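First up is the structure itself, then whatever we jot down about it.
The values are calculated or read from the model by the stated rules, or taken from the named source; none is laboratory data. Quantities reported herein were computed from a predicted structural model and do not represent experimental measurements. Please note: Cβ atoms are built from the backbone with ideal geometry, for glycine as well, and neighbour counts cover all protein chains shown.
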Amino acid sequence: MRVSEIVVIFGVLRVVTTTDISAHGILTCRFKGPWCFLIRLIEEDTYVDDQVDKYGIRCGFNGDQPFIMSGNQDGDERGSEEYTFFFLISHNCTLTGKRQRFETGRARRRIDEDRVSLSFSMDVSKIGEETDSF
């Protein structure tokens with residue numbers, strides 16, 4: 001191997017640190033009776049999104065359902081200085097019990113942070129597009 005090839009190889013290496021991620025919140029359903037949900041914490045990328053963690057399928061009767069999630073990320077795609085997180089939520093909190101799915105807004109955090117904490121609470125009653133599966 002020539003010296004110029006070694007320089008090229010070392011030129012594309014970069015230091016990557018792990019960021020610990022935690023998320024918590026409460027999903028609420030206003031309708032009486034049982035309901036279920038699945039929540040995924042996603043780190044959005046240009047090509048393939050990373051699932052940081054998922055919580056569910058969990059079911060309950062009426063009211064509030066708390067969730068706690070955790071995971072980590074080892075850097076982001078090349079050239080990026082921040083992570084972009086969102087929650088993908090599927091549920092059947094509807095009058096008919098049909099499943100719905102929606103994405104939350106995005107939260108951005110710098111990739112050089114050691115720890116990221118996200119909080120999200122929402123009434124999911126009748127929110128989302130109809131879907132066949134959780």
Within the stretch 76-95, restricting to residues that are free of Cβ contacts under 8 Å to residues at least 60 places away in the same chain and touching a strand residue (DSSP E or B) at 6+ places or on another chain (Cβ under 9 Å), the one that is farthest from Ile42 (Cα to Cα) is Asn92
State whether the residues of the stretch 77-90 include one that is modelled with pLDDT of 95 or more and among the small types (Gly, Ala, Ser). yes
Out of (1) among the hydroxyl-bearing types (Ser, Thr, Tyr); (2) at pLDDT below 90; (3) more than 20 Å from Thr17 (Cβ to Cβ), the one Ser121 does not meet is (2)
Among residues of the stretch 42-87 being charged (D, E, K, R) and closer than 17 Å to Asp123 by Cα, the residue surrounded by the fewest Cβ atoms within 10 Å (Cβ to Cβ) is Asp64
Screening Ile57, Ile21 for residues that are aliphatic (A, V, I, L, M), touching a Cys at 6+ places or on another chain (Cβ under 9 Å) and at pLDDT 95 or above leaves only Ile57
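The rows are residues; the columns are (1) within 12 Å of the chain's Cα centre (by Cα); (2) not polar (S, T, N, Q).
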site	(1), (2)
Ser22	yes, no
Ile26	no, yes
Glu44	yes, yes
Gln51	yes, no
Glu81	no, yes
Scanning the stretch 89-108 residue by residue, those more than 15 Å from the chain's Cα centre (by Cα) and hydrophobic (A, V, I, L, M, F, W, C) turn out to be Cys93, Leu95
